[in-house]
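Worksheet: one structure, shown below.
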Amino acid sequence: TVAPTPTPSPTPFEGVVITEKSYRSENVDIKVEKISEKNVTFYVADIKIKNMSYIKTGDYRNDNNQLVRRSVVKTARQHDAIVAINTDYYTYRDSGNIIRNGKVIINDGWGDVLCIFADGRMEVYNGFDYTAYELVEMGVIDSFTFGPILIRDGALIEENLRGNSLKEVKHPRTGIGYYSPGHYLFVTVDGRKEE
């Protein structure tokens, strides 16, 4: 008798390579690293996207158009995300210049606004610089209300750290960095757990 040949495990999509710490396809390349320092664990994701249609943002509104808080894991599963981060101020304040997947959700200037453009660029503006509709006309596909800006043009903005109570409160935090169009760095920390 001949022993049966084991069937190889299928990959979910042709040309996709997935490991515990990475995801690579023709249009997306992601590497995730877990780092523990000073009793805090955080995750760093280096993300390269060739086709910007692969960036999608989940919405925290239910069928009645009410804001609903959900865990990052639940939202990621709902949208089949490869990488997911916690939300911006939009979930906590029903204000800001909020654009999701090219559609204006809220047009109410507030806070700093991180904008991702259709060509992969990322820019940061004050919430009162442009309306959400002007941002869409400029080519913004997604925007996030946040603050404060910590680094601009490679330099730490010291005045944004002084007197800022957010740095003292332990909550989930996310930092987003920009290298070049389609190349981003996400850093997330739970903030409440010591591991």
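The values are calculated or read from the model by the stated rules, or taken from the named source; none is laboratory data. Keep in mind that what you see is a predicted model, and the values were worked out from it rather than measured. Reconstructed Cβ throughout: ideal geometry from the backbone, glycine too, with neighbour counts over all protein chains shown. All accessible areas refer to the heavy atoms of the entire protein, side chains included, with ligands and DNA or RNA removed. Shrake-Rupley method; radii C 1.70, N 1.55, O 1.52, S 1.80 Å.
Find the residue count for the stretch 56-75, including only residues that are over 16 Å from PRO172 (Cα atoms) and either among the small types (Gly, Ala, Ser) or at pLDDT 80 or above (or both).
Step one: of the stretch 56-75, the residues over 16 Å from PRO172 (Cα atoms) are 56-68.
Applying the additional criterion that residues be either among the small types (Gly, Ala, Ser) or at pLDDT 80 or above (or both) yields 58.
Qualifying residue count, the stretch 56-75: 1.
Could you run through the stretch 96-109 and say how many residues are touching a residue at least 24 places away in the same chain (Cβ under 8 Å), buried (at least 18 other Cβ atoms within 10 Å of the Cβ) and within 10 Å of THR131 (Cα to Cα)?
So the count comes out to 4.
What strands (runs of 3 or more DSSP E), lying completely within the stretch 6-55, carry at least 2 residues that are over 28 Å from ASN101 (Cβ atoms) and at pLDDT below 90?
Correct list: 28-37, 40-49.
Out of the stretch 124-137, which residues are open to solvent by 70 Å² or more (accessible area, probe 1.4 Å) and either under 23 Å from PHE186 (Cβ atoms) or among the acidic types (Asp, Glu) (or both)?
Across the stretch 124-137, the qualifying residues are ASP129, GLU134, GLU137.
If I go through the stretch 76-95 residue by residue, how many of them are open to solvent by less than 80 Å² (accessible area, probe 1.4 Å) and either modelled with pLDDT of 70 or more or touching a strand residue (DSSP E or B) at 6+ places or on another chain (Cβ under 7 Å) (or both)?
Summing the residues that are open to solvent by less than 80 Å² (accessible area, probe 1.4 Å) and either modelled with pLDDT of 70 or more or touching a strand residue (DSSP E or B) at 6+ places or on another chain (Cβ under 7 Å) (or both) in the stretch 76-95 gives 11.
Does ILE141 qualify as being surrounded by 12 or more Cβ atoms within 10 Å (Cβ to Cβ), closer than 21 Å to THR174 by Cα and without any contact (Cβ under 8 Å) to a residue 40 or more places away in the chain?
Numbers: surrounded by 12 or more Cβ atoms within 10 Å (Cβ to Cβ): yes; closer than 21 Å to THR174 by Cα: yes; without any contact (Cβ under 8 Å) to a residue 40 or more places away in the chain: no.
When the stated conditions are applied, ILE141 does not pass them.
Quick one: is VAL136 in a helix (DSSP H, G or I) and at pLDDT 80 or above?
Criteria met by VAL136.
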